[in-house]
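Enquirer: Once you've had a glance at the structure underneath, I'll fire off some questions.
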Amino acid sequence: MQKMGDSLSALHAHLIQLSETILNPLSQIPYTPPEGTPLSPKSTLVSLLSIKNSNPIPNNNAITETQLFNSIKDFTLACALLSSSQSSTHESLSWIPKNLAIEANSAFKELSNAYVASDLGGRNERRISELLGVVCGGDGDGLVNEEKRLVIELLPEVLPLLKDGIKESSIDKSADGDEISAASSRAPVGSAIVAAYQFRWFVTQVEYPHLGKLCNFVIPCALTALDHWSPQVKGQGMISFTHLAKNVNAAELSQYEDVILDACCQNIVSDDEIWYHVVEMSVLLVTCVYTFISYSTGVQTSEEIDIGLVSVLVCRGVCICDTIFPGFRFEKMLNEMLGHLERQPRNKDRRVAWLRFVEPLLHGIGLVLVAHFRRIFPLFFKWLHADDDETVLLVLERVHTIMRLVDELALLYKEAALRIAREQIRSSVLEILILLQQCKVLQFKAAWDKHSNDVNLTSLCLSLSGNTTNTVDAHADQFHVQSAAMRCRMLLQILVGNGFHKLYGVLHDNGENNRDLLMSISVSNQYRANGCGPLCPTFGFTSLVFLSMIGWKKI
């Protein structure tokens, strides 16, 4: 018993020494809270770092395990705030110098190593093993590194407290009047900002595979941060969610999939300062959750959707994802993002963030992305002429992503073998591939080469290479029955009928030369308005894909 008390006292003395190495320079930093601010982050730090013996028995210098553990928790919260302050420009934290943050990181690492080597850390090792189901010590797979052990052990204790600290100044949605003022009067927003930065620090200290075991502690606190009205608090919640998405398995998020996706969509309309984090977080989370839904439920994926049905729905402006595949919940997110970008197309920060992070979302949607071309490409065409090179380069990269349909079409061709309408699907796929091949020869060859040895695509490869004259001639006849003018007219009818009204205006301005073409387009639109649908669904879909990807700009 005496030995155990000596061990606790030694760890306590070490903790006091480390606290003083931070307290001394902290006390010398001049800082005056802004007028009217009831919370002083400096006072909070001093309070957390003032490690004293709180034993209620007079003249007894012994410290209990609970008291020591609480002191360690306070010290860690102080280090978390000092360290995370370096990424903040908010007046509550921007006064903290970099050297003090570095000192806090060093002190915490030293304490963590001392804690693991102590008797207290040894007795609590079972606690961390039960929490994560892994063995502590070492750097191997599944083992908790000694420097991370203290953070992981404290996280279940600290996060509920930080969640409450953030929630205190959140908006009470049932209250009347000025909700933000009402929230601020209950608790200063500065306390929520401090708690949010501390929360983000704790979460980002833990990585795969251990973070997934802590989702039940992390996600509720992160959602509370996203629900806060302050951009500073929201931003820390978004950074935490981004780190979470990169360091957990999709299955570990499945329990929260609905509430996470709703929170992402609700936060798309955010301030400029956190839009970067909104897009990165939303794309990572939604693609992660969607991948798990697809594989776990066995429902249709975007490549398995019937092309004929897609063509009809595209032409009639129906929301494809909600109609065909309810699992495509992230189409709502894409629509929210596009709507926001359409309202602010000249906002550089927003467009750069979206272009940089959206690629996984575009890949996830697959062929259904065609339904969104008429909203995406007008933005791309504007941004191609932006003043900054970064925007132009990112637009070109995303255009390349969108045009990369060869792989998905090859997969769809193989999967059609199990469908009743296999011949119609394969015919349509071949039409699209031939059009791509004819107009983008070099790019098509580079994309197709990886499929050339696939035994399930032998007939398709022969058709594209021209080695089977019957198939090629049959499709050649299909493409050349009509004159070039007639085919152009059909394509333009489909394009204008699907919302490309500017194209109609261009043709109208050219006068008499386009009178017949304009008349045929008007007849087509009248036909569609009477509920008769598209003139040719399959050819319409093929044409829409083709013109949207490769002919739009030329027209």
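Enquirer: With a 1.4 Å probe and all protein chains kept in place, how do C264, C288 rank by accessible area, largest first?
Expert: Listed by decreasing accessible area, they come as C288, C264.
Enquirer: Once both labels are modelled 7 Å past Cα along the beta-carbon direction, what's the D271-K382 spacing in nm?
Expert: It is 2.4 nm.
Enquirer: Hey, what do the phi angles of segment 224-235 turn into as Karplus ³J(HN,Hα) couplings, whole Hz, using 6.51/-1.76/1.60 and θ = phi - 60°, x for Gly and Pro?
Expert: Karplus-based 3J(HN,Hα) across segment 224-235 equals 4, 5, 5, 7, 6, 7, 7, x, 5, 5, 4, x Hz.
Enquirer: At 1.4 Å probe size, put E130, E397, E408, E125 in order of accessible surface, largest to smallest.
Expert: My answer, sorted largest first, is E130, E397, E125, E408.
Enquirer: Accessible area of V289, 1.4 Å probe, to the nearest 10 Å²?
Expert: Here the residue's solvent-accessible area equals roughly 0 Å².
Enquirer: Working out 0.36 nm times the residue gap between I102 and H14, then minus their Cα-Cα distance, what length gain in nm do you get to one decimal?
Expert: 29.8 nm
Enquirer: What is the gain in length, in nm to one decimal, between V46 and N24 on full extension, counting 0.36 nm per residue of separation less the C-alpha to C-alpha distance?
Expert: 6.9 nm
Enquirer: A further question on this structure: Taking a 1.4 Å probe, which of R375, R343, R149 shows the most accessible area, and what order do the others take after it?
Expert: So the residues, ranked largest to smallest area, are R343, R375, R149.
Enquirer: Using a basic spin-label model with each label point 7 Å from the Cα along Cα→Cβ, how many nm lie between D262 and Y208?
Expert: Spacing of the two 7 Å Cα→Cβ label points: 2.9 nm.
Enquirer: Taking 7 Å along the Cα-to-C-beta vector as the label spot, tell me the E423-N70 distance in nanometres, rounded to one decimal.
Expert: 8.1
Enquirer: Here's a follow-up. Could you tell me the calculated FRET efficiency between T401 and S87, based on Cβ-Cβ distance and R0 = 30 angstrom, to the nearest 0.05?
Expert: FRET efficiency, T401 to S87: 0.50.
Enquirer: Given 5 Å bins starting at zero, what is the percent of C-alpha pairs of segment 353-412 in each, up to the one with the largest pair distance?
Expert: 4, 17, 30, 25, 14, 7, 3, 1
Enquirer: Moving on to the next point. Ranked highest first by the average count of other Cβ atoms within 10 Å around their residues, in what order do 452-465, 270-283, 240-253, 106-119 fall?
Expert: Listed from highest to lowest mean packing, they are 270-283, 240-253, 106-119, 452-465.
Enquirer: Related question: Pop the C-beta distance of K414 and L143 into the FRET formula with R0 = 45 Å and round what comes out to the nearest 0.05.
Expert: Calculated value: 0.60.
Enquirer: Rounded to the nearest 10 Å², what accessible area does F377 show when all protein chains are kept and the probe is 1.4 Å?
Expert: 10
The values are calculated or read from the model by the stated rules, or taken from the named source; none is laboratory data. Every value quoted in this text rests on a predicted model; they were computed, and no experiment measured them. Positions of Cβ are generated from backbone atoms using ideal geometry, with glycine treated the same way; all protein chains shown enter the neighbour counts. The accessibility values were calculated without ligands, DNA or RNA, using every heavy atom of the protein model including side chains. Shrake-Rupley method; radii C 1.70, N 1.55, O 1.52, S 1.80 Å.
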